[in-house]
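Contents: one structure, followed by commentary.
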Amino acid sequence: LRIDTIEIDNYRQYRHARIQLPARQSGQVAVFIGSNGTGKTNLLNAITWCLHGREFHLTSEEDALPIFNIGPLDAPLPDTAETVVKLRLSLSDGVQAVVTRKAVTVARGDGGWLTSTEDPVVQVRTPEGWPEQDQPTFWIQSNMPDDIRPFFLFDGERLDDLFRHTETLDVRAAVLRIAQVDLLERLQEHLQTMKDEALKEVAAASKHDQLKRAEAELATEKARHLQQRERLESLREQQKVLREEYNRLAERRQSAPDPEKFDRQKALEDDLDQLTKEIYKEEQAFYSWVGQVSPFVFGFRAMEELLARIAKAEEDKMLPPKMQPGYLKQLLSEGVCICGGSLDEGQRDRLEQMLRRIEEANPEASVLSYLEPTALQAKALVANIKKEWEEKTNLIADLRAKEGKVNEELQEISAILRRHEEKEVRDLQRDHDRVNQELQSIASDIALAERDLTEQAKLVEESEEACSVLVRIVGCHDGTRTRFDFVVACLKVVTRTYQGLDRETRERVAAAMESYFLQLLNVIKSGTTYTGVTIDDHYRVRVVHAKSRNATGTLSAGERECLALAFSLALGEVSGFDLPFVIDTPLGRLDENVSEHTSLAIASQAEHRQVVLLMQPAEYSEAVKRTLHEFPLAIYDLKFDSDEQETKVVLRGAE
Amino acid sequence: MNVPENLHGPLVFIDLEQSQREYFEALRKFLGVSNSQAFMIAATWGYLGGQTPGDVQRSGKGWARLETFTPANRLEMLALTLGYSSGRSVEDFEGCWRACEGLAKEGMTLLRDELEKPGKFQQRFAARVLEELRRLELPTSDVTIES
């Protein structure tokens, strides 16, 4: 199946768009290049909406703009609007078909919108014309089943989720879907019911009590088995709901900041406040210190002159070297004699008289001799000011530098947090953690329930075996017995076939997945350390590492995306469904090396099926461009006119 | 520090006009200094500004009391005033204090102009101190003022 044209009228960014995709014979890969908001995802949505009536890739349907194109910004919105998407398809057997879906949207009056989506119309070309199919949904489901759609039409950035939670369930469901064993499953169930009924008849016809008891026991074990299976299914259903909730929350969380940033913002604000106070305090202390020392700096020359005057007095022998009043005063205060011994009363009197006489004889010399040490200290103080100045200003400069850094980080964080409410972000994180925890808890409940179910299945099997043995022993009506034997034989064949198909498909998917995964990774360093991929009987995907049987848990996000992509490619290959690959942001989280190889792997699918890539300009890097140009390409630019609120699709032409 | 007893003396005042008082208070506030420290800044600023100390009339309502000056400040006052008059006796403390009061009053007039200039007074003041330090050419490392 190929999409030949996509015609869109009045759908989201597209007012009127008619996109002719490359013809099958050209083998071209269609690459749509557009920045964020130009309508890449909505092109994918237009296809899924037309086929299945749902826009699977909307972040939130509730918060979205109306489905129709809102028109120029300065024009009022209409009260009603019709949306039409039409896909022209070519089937592998040459059949051509047109699928059309319409929707009518009306204003609700409270600012909201009510959209009524009609059933699709499918027209298949016949020699007589384009008659409508009676059962359009059935026709679509037959050609592109909704349950395998996610492996062909998907968002590359969300692939990573596939191997994050409940992957076992997804892998099992996916493998069984493409193995198309649902009919066998139903046949198996039918035969089982027939077998149970036949056994009941045999038991009823028999007079053998042991068989009756065995049949009753089997019925009890089966009832338990059914109960456990229902419990498991209920758990899986809960898991599915939780997972959807988790994905929604994870999606919202991606665009929300880390709640810890709010804590950091508060801490930085406190730090900044503290630093501002500290700087103010240090500055005030510095200026106060400058004020206190400034008189000594400003009066330094005067002090030098005073010291010169003292020096001259000394030179003029006006200051007796050993009899200076200061010296005498010191001896008196310490009670020490000139000779070094203790001062007695008589000596004290003599010293005091000597001091008075000196002061009376030369009062100026006396004062000068007192002043000298103080003047020298003042001079030394000035000489040390520069050093102290440097220390104080360096301290302030360091604090300012710290303040600058804190402020810079605060500005960055504030810019991130500006558009977010703290409570909302914290609630989101709390919900995300809660759901994550519930998912883990339910995964372990499921594992336990699976184990119980397996054990119960064994009990059922044993009971059945016991019954079968008894049926052979007891005598009963031949016809009843023959029917029982026949049903048992049929059931064995069907079960064997089912298991065989299941195993075969699983092995083929695993082999193809391994090949794609290693191909995708072999250019990056880590690629050399992985040696294979397996899917075990419980549908657990394991990436085999050179030194470990299972390294799935430690894969990086990019590697997980490669694994999921490899899984999709493998399912596409094994399924036998000839469906197109339409991939939005196929190289989203991958680095350049991996991108190059991934684009090669995807584009090489064009040999077998139609490939449509919806890429951001950044994804279409030089390396990717070089790789893709090894294939015939049709490149389309998505050009969004923000005034008109409309995207035009422009074909660059085959390059 | 040894200071002669008689280095104490009558009170030291700085008698300012009413209009000058707010500048004296502003100086104290900006630099976070006491009355006596502000007095010393004003006096040395006057000395640096080339003012000549003369006799001053006291109203008895000034703020700075001699007891609040450190010995080093008192020495500074002596040094400031002795330099102007080689004939002045070192013993003439009273004369020195009076002359210093005169210097402080003149210094306050000069500081008023500085205080009235736009911008941060503290930074300009610190820059002036630094400039003077550099002019003294003391053997110490170079420093800068962070704004």
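Name the single residue, out of those in region A:373-400 being within 30 Å of A:ILE310 (Cβ to Cβ) and basic (Lys, Arg), that is farthest from the other protein chains (Cβ to nearest Cβ). Break it down into steps so the answer makes sense when it comes.
Residues of region A:373-400 within 30 Å of A:ILE310 (Cβ to Cβ): A:373-389.
Among the residues that remain, those that are also basic (Lys, Arg) are: A:379, A:386-387.
Working: A:LYS379: 9, A:LYS386: 4, A:LYS387: 6 Å.
Among them, the one singled out is A:LYS379.
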- Query: If A:ASP155 passes every condition in (1) acidic (Asp, Glu); (2) under 25 Å from A:ILE47 (Cα atoms); (3) at pLDDT below 75 but one, which one does it miss?
  - Reply: (3)
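Somewhere in region A:606-619, is a residue free of Cβ contacts under 8 Å to residues at least 24 places away in the same chain and surrounded by fewer than 23 Cβ atoms within 10 Å (Cβ to Cβ)?
Keep residues of region A:606-619 that are free of Cβ contacts under 8 Å to residues at least 24 places away in the same chain, which gives A:618.
Narrowing the set further to residues that are surrounded by fewer than 23 Cβ atoms within 10 Å (Cβ to Cβ) leaves A:618.
Yes: one or more hits.
Does region A:225-266 hold any residues that are hydrophobic (A, V, I, L, M, F, W, C) and either surrounded by 15 or more Cβ atoms within 10 Å (Cβ to Cβ) or at pLDDT below 85 (or both), and which are they?
A:LEU232, A:LEU235, A:LEU242, A:LEU249, A:ALA250, A:ALA256, A:PHE262
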- Item | Long-range neighbours under 7 Å by Cβ, at least six apart or interchain, first residue facing chain A (nearest Cβ under 8 Å) within region B:69-83, second of a type in the set (Ser, Thr, Tyr) and surrounded by fewer than 22 Cβ atoms within 10 Å (Cβ to Cβ) | B:ASN73/B:SER36
- Query: Which helices (runs of 4 or more DSSP H) sit wholly inside region A:179-298 and have at least 2 residues that are within 14 Å of chain B (Cβ to nearest Cβ) and among the charged types (D, E, K, R)?
  - Reply: A:260-298
- Item | Candidates A:LEU306, A:LEU351, A:LEU343, A:LEU332 - the one that is under 30 Å from B:LEU136 (Cα atoms) and modelled with pLDDT of 80 or more | A:LEU306
- Counting only residues in region A:451-502 that are without any contact (Cβ under 8 Å) to a residue 24 or more places away in the chain and under 46 Å from the mean Cα position of the chain (by Cα), the one nearest to A:ALA198 (Cα to Cα) is identified as A:GLU461
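Could you look through region A:12-52, keep only residues that are charged (D, E, K, R) and surrounded by fewer than 19 Cβ atoms within 10 Å (Cβ to Cβ), and pick out the one that is farthest from A:THR83 (Cα to Cα)?
Across region A:12-52, the extreme among qualifying residues is A:ARG24.
Counting only residues that are of a type in the set (D, E, K, R) and not in a helix (DSSP H, G or I), which one in region A:567-599 is surrounded by the most Cβ atoms within 10 Å (Cβ to Cβ)?
Initially, region A:567-599 is screened for residues of a type in the set (D, E, K, R), giving A:573, A:578, A:584, A:589, A:591-592, A:596.
Adding the requirement that they be not in a helix (DSSP H, G or I) leaves A:578, A:584, A:589, A:591.
Details: A:ASP578: 16, A:ASP584: 24, A:ARG589: 17, A:ASP591: 11.
So the residue we want is A:ASP584.
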- Message: Based on this model, can you work out whether A:GLU403 counts as more than 10 Å from chain B (Cβ to nearest Cβ), more than 30 Å from B:ARG135 (Cα to Cα), modelled with pLDDT of 85 or more and assigned to a helix (DSSP H, G or I)?
- Response: yes
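Answer yes or no: is there a residue in region A:85-108 that is acidic (Asp, Glu), within 19 Å of A:ARG149 (Cβ to Cβ), modelled with pLDDT under 95 and assigned to a loop (DSSP other than H, G, I, E, B).
Taking region A:85-108 first, the residues acidic (Asp, Glu) are A:93.
Those still in the list that are within 19 Å of A:ARG149 (Cβ to Cβ) too: none.
No, the conditions are met nowhere in region A:85-108.
Could you please give the count of residues in region A:441-494 that are part of a helix (DSSP H, G or I) and touching a His at 6+ places or on another chain (Cβ under 8 Å)?
Of region A:441-494, the ones part of a helix (DSSP H, G or I) are A:441-473, A:478-494.
Filter once more, so that each one left must be touching a His at 6+ places or on another chain (Cβ under 8 Å): A:443, A:450, A:453, A:456-457, A:459-460, A:470, A:473.
Matching residues across region A:441-494 total 9.
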- Item | Where a residue in region A:280-294 is among the hydroxyl-bearing types (Ser, Thr, Tyr) and its partner, wherever it lies, is surrounded by fewer than 17 Cβ atoms within 10 Å (Cβ to Cβ) and assigned to a helix (DSSP H, G or I), with Cβ under 9 Å and at least six apart | A:TYR287/B:GLN123
- Task: Determine, yes or no, whether A:ARG224 is of a type outside the set (Phe, Trp, Tyr) and more than 35 Å from the chain's Cα centre (by Cα).
- Result: yes
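The values are calculated or read from the model by the stated rules, or taken from the named source; none is laboratory data. Bear in mind the structure is a predicted one, so any value in this text is a computation, not a measurement. All Cβ positions, glycine included, derive from the backbone under ideal geometry; neighbour counts span all protein chains shown.
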